[in-house]
There are 2 protein chains.
Amino acid sequence: MSRPADGPAKEQGGRRAETRQRLYRAAADLIAEQGFAATTVDAIAERAGVAKGTVFYNFGSKEALFAGLLDHGIERLAGALAEAARGPATSPVAVLDALMLAQLRFFDEYGPFARVLLAELWRAAWQDAVLRLRTSVLAVYERVLADAVEAGELRPGFDTGTAATAVFGMVLTVAIERRALRPDQPVEDVHATLVELVHRRISP
Amino acid sequence: MSRPADGPAKEQGGRRAETRQRLYRAAADLIAEQGFAATTVDAIAERAGVAKGTVFYNFGSKEALFAGLLDHGIERLAGALAEAARGPATSPVAVLDALMLAQLRFFDEYGPFARVLLAELWRAAWQDAVLRLRTSVLAVYERVLADAVEAGELRPGFDTGTAATAVFGMVLTVAIERRALRPDQPVEDVHATLVELVHRRISP
DNA sequence: TCTTTTGCACTGACCAGTCGGTGCAAAAGA
DNA sequence: TCTTTTGCACCGACTGGTCAGTGCAAAAGA
């Protein structure tokens, strides 16, 4: 028997939940380096310090493990952004700055996930995850930009959808590059550069 | 004994060169959809209308085919940007606008390559290609930003390296999203939004 | 007791790379 | 002129290895 594989259910502090966390972390590390298809279940299990059977006992399949990983990461990212959006910032544009900083920090401490997202997100196989990213992450950016339009800080008719994607992609790219090439540069410096880019200080 | 595999040599209009072009195109299409590891050589050969042996005759290995594809694409992108930079724009910031439009257009007509770049570029295996991208593509952005600093259009000390990556990543992300989700939106509109974002019009 | 994890042998599909061979056009004899 | 040779580009059946997923009995929690 023994075929629960009930999919990633409640993520709490039980024994099973802890095993799943370890598997998520191991999978994220390896998939960030090699990609989904090139990463073997044996390798994930070994890195997590777990028997191979445990992976299938918990997730049922390699794909389901990955889907769970995407969900888990997107949920946490969305949480971090939502919290930043609730912060003390005074104007929509100040909230935008806070969002960029939050995203930068999130990817700074959960870096492999950033690379997984970037590399695998556009595959047709994970369209659910893309949708979730759009509704729970990009939507935060878009809302803030719409607020800015409403507050008169941006021209009416400004394409907030495209702009939201643009800012998200910009921060994601920069976060990955910084981790790979300039790990010593403080996140705050990078953030300052991006703020300057997106605000008024370009063009005289 | 028939073992040329001289690697991607001169790309001219001969029979071989044409076969290689077809293989590049097929590989880009398939790898954009499925990723490098998940794409089989059989599938690439079939899509290109060529026997499997021909792939190995021309490139020697799956990896070499992919390396050639990256080089080929990066070279063309660099060419497109360099040409835009030589255009009639009057100020550094106007050149920056022209670069973004050129990048957007390039990925618009060579879309699968954009996704390949985004997905595979950060793997340790293709560090050569990353280096080439940095020195031949990002460098164009960085130079123009440095010109802007020199012309007083940007604050002295502005981090042109980070900003170059940021702009490149922003345009790349938006180009992919547009192709996937809003193929009808004119490239010029997207460009206008990005220009607005990067110029002065955000924040009062 | 019930759930979760372990360890390990096994299977079957799939896939990169190989190798003997084909077609063809242009050069080299004769 | 006719025929033989050479070299290039390509073909596709085949092989050896890899890997997701299975089955199961025994141990470890809780």
Next item on the list: Calculate the spin-label point distance for B:ASP189 paired with B:GLU83, positioning each point 7 Å from the Cα along the beta-carbon direction, and give it in nanometres.
Entry: 2.6 nm
Note to self: I'd like the trypsin sites (Lys or Arg not before Pro) in segment B:74-118 restricted to DSSP loop residues with at most 16 other Cβ atoms within 10 Å, sorted by number.
What the structure shows: B:ARG86
Checklist line | Ascending list, in nanometres, of distances separating the B:GLY87 label from those of the other copies (7 Å, Cα toward Cβ) | finding: 3.6
Next item on the list: Any chance you could give the angle, 0 to 90 degrees and rounded to 10, that helix A:139-150 forms with the longest Cα principal axis of chain A?
Entry: 10 degrees
Note to self: With the label 7 angstrom out along Cα to Cβ, how close does A:ARG155 come to the same site in each of the other copies, in nm, nearest first?
What the structure shows: 2.6
Check: Relative to the Cα centre, what is the charge dipole magnitude of chain B, using +1 at the beta carbon of each Lys and Arg, -1 at the beta carbon of each Asp and Glu, and rounding to the nearest 20 debye?
Finding: 540 debye
Margin query: Given Cβ point charges of +1 (Lys, Arg) and -1 (Asp, Glu) and nothing else, what value in debye, to the nearest 20, does the dipole of the protein assembly as shown about its Cα centre take?
Written below: 980 debye
Notebook entry, point to check: Please report, for the Cα atoms of segment A:66-198, the Rg to one decimal and the Dmax as a whole number; what are they, in angstrom?
Noted result: 14.5, 42
Next item on the list: Treating only the Cβ atoms of Lys and Arg (+1) and Asp and Glu (-1) as charged, compute the dipole magnitude of segment B:35-98 about its Cα centre; round to the nearest 20 debye.
Entry: 100 debye
Notebook entry, point to check: Out of A:ALA94, A:ALA37, A:ALA148, any idea which swings most in a Gaussian network model of chain A, alpha carbons joined below 10 Å?
Noted result: A:ALA37
Next item on the list: Would you check the accessible area of A:ASP29, probe 1.4 Å, heavy atoms only, in square angstrom rounded to 10?
Entry: 40 Å²
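Where a ≥ b ≥ c are the square roots of the eigenvalues of the C-alpha gyration tensor, would you call the protein assembly as shown rounded, which needs a/c under 1.5, or, failing that, prolate if a/b is larger than b/c, or oblate?
The shape class here is oblate.
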Next item on the list: Give the distance, in whole Å, between the Cα centre of segment B:132-174 and the Cα centre of segment A:24-46.
Entry: 34 Å
Next item on the list: Quote the relative contact order of chain A in percent (integer), defining contacts as alpha-carbon pairs under 8 Å separated by 6+ residues.
Entry: 21 percent
Notebook entry, point to check: On average over all directions, what projected area in square nanometres does segment A:1-153 have, based on the convex hull of its Cα atoms?
Noted result: 10.1 nm²
Checklist line | Highest-fluctuation residue, B:ALA27, B:ALA125, B:ALA80 considered, GNM on chain B with Cα pairs under 10 Å | finding: B:ALA125
Margin query: How tilted is helix B:111-120 with respect to the longest principal axis of chain B? Cα atoms for both, answer in degrees (0 to 90, nearest 10).
Written below: 90 degrees
Notebook entry, point to check: Using a label position 7 Å from Cα in the Cα→Cβ direction, what is the ascending list of nm distances from A:ASP128 to the same site in the other copies?
Noted result: 4.0
Checklist line | Folded to 0 to 90 degrees: helix A:92-109 orientation relative to chain A principal axis, Cα | finding: 30 degrees
Checklist line | CD proxy at 222 nm, helix term only [per DSSP H run n ≥ 4: -39500 (n - 2.57); per residue of chain A; nearest 500] | finding: -22500 deg cm²/dmol
Margin query: Suppose all protein chains stay in the model; what accessible area per residue would a 1.4 Å probe give for chain A, in Å²?
Written below: 44 Å²
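The values are calculated or read from the model by the stated rules, or taken from the named source; none is laboratory data. For clarity, every value in this text was computed on a predicted model and none was experimentally measured. For neighbour counting, all protein chains shown are included, and Cβ atoms are generated from backbone atoms with ideal geometry for every residue, glycine included. Only protein heavy atoms, including side chains, enter the accessible area calculation; ligands, DNA and RNA are left aside. Shrake-Rupley method; radii C 1.70, N 1.55, O 1.52, S 1.80 Å.
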